[in-house]
Amino acid sequence: MSKKIIRVIVIVVSFFLLFAAGLLYRNLDRSWNGDPQVRQQEARQVIDYYQSRYDEVFTIEDANYDYKRHIFTFDISSQSEPEAVFEATAESIGVADEYAAMRAENRVRQLILTTINDYSDNLDRVSVSEYADASAKLEKDISQRLQNNKYFVTIYWLNEDIVAESELATRFEETVGQAVPNIEIESRVGH
């Protein structure tokens, strides 16, 4: 074969290899990062759901794709509370109200912080988790959520010696117990 024919064959084969590599990259990129059109569609669904439910403006702060479950998770904030960010997925629409859950957890955290204000120098952080039955996951009234759902609170202290557990238990019963009847509070030292 002449050098021209070999050169043409190499060029054609190279073109097809590059084309195949491009298609492979595109498919791998979509399987690892999700389809951008699906991301945009799901983002619109989630935003529309919360805006119609609460009649306020919500914005997406970030989006992450779970390639194992093929789900986009959106970090969302409301215009009224831009510093409070919650996570939601298109699959959670109509199943759970993540915005109300975040607001209820923040309310419990504020009650705890107000109660332990005298010990704030020794406080590392407060962790709050809400556990709700399927029927209570869509409740948007915060006071109803606090009455019906269970909350687990972990208070992390810097130093064990300063905190008087019996005094804190009495304070929690007087302040937090009235607003949140189903609460478990645990104290830990360190991280």
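Annotations
- Cα-based shape type of the stretch 98-189, given that a ≥ b ≥ c are square roots of the gyration tensor eigenvalues and the cut on a/c is 1.5: prolate
- Between the amide H of ALA63 and those of ASP75, distances stay under 5 Å, these residues lying 5 or more places away or on another chain, with hydrogens modeled in the peptide plane.
- Helical segments meeting 18 Å axial Cα length and Kyte-Doolittle -1.0 threshold in the chain (DSSP H): 3-33, 98-115, 165-179
- The Cβ shell under 13 Å around GLU83 holds other residues with a net charge of -2, Lys and Arg each +1, Asp and Glu each -1.
- For LYS150, the aspartates and glutamates whose Cα comes closer than 19 Å to its Cα, not counting residues fewer than 8 places off in the same chain, are ASP97, GLU98, GLU105, GLU130, ASP133, GLU139, ASP141, GLU173, GLU174, GLU184, GLU186.
- 3J(HN,Hα) from dihedral phi, the stretch 128-134, Karplus parametrisation 6.51/-1.76/1.60, rounded to Hz, x for glycine, proline: 10, 10, 9, 10, 10, 5, 4
- The chain - charge dipole about Cα centre, Lys and Arg +1 at Cβ, Asp and Glu -1, debye rounded to 20: 1900 debye
- Overall Cα dimensions of the stretch 36-92 - principal axes, largest extent first, Å: 34, 20, 18
- Cα pair count fraction exceeding 29 Å, expressed as % - the chain: 47 percent
- Taking other C-beta atoms within 10 angstrom as a stand-in for reagent exposure, LYS4, LYS137, LYS150 fall in the order LYS4, LYS150, LYS137, fewest first.
- Sum of side-chain charges, GLU173 neighbourhood, beta-carbon under 15 Å (Lys, Arg +1; Asp, Glu -1): -3
Bear in mind these aren't lab numbers, they're just calculated from the coordinates by the rules spelled out. Note that the structure is predicted; figures quoted are calculated from it, not measured. Because the Cβ atoms are built from the backbone with ideal geometry, glycine has one as well, and the counts that use them run over all protein chains shown.
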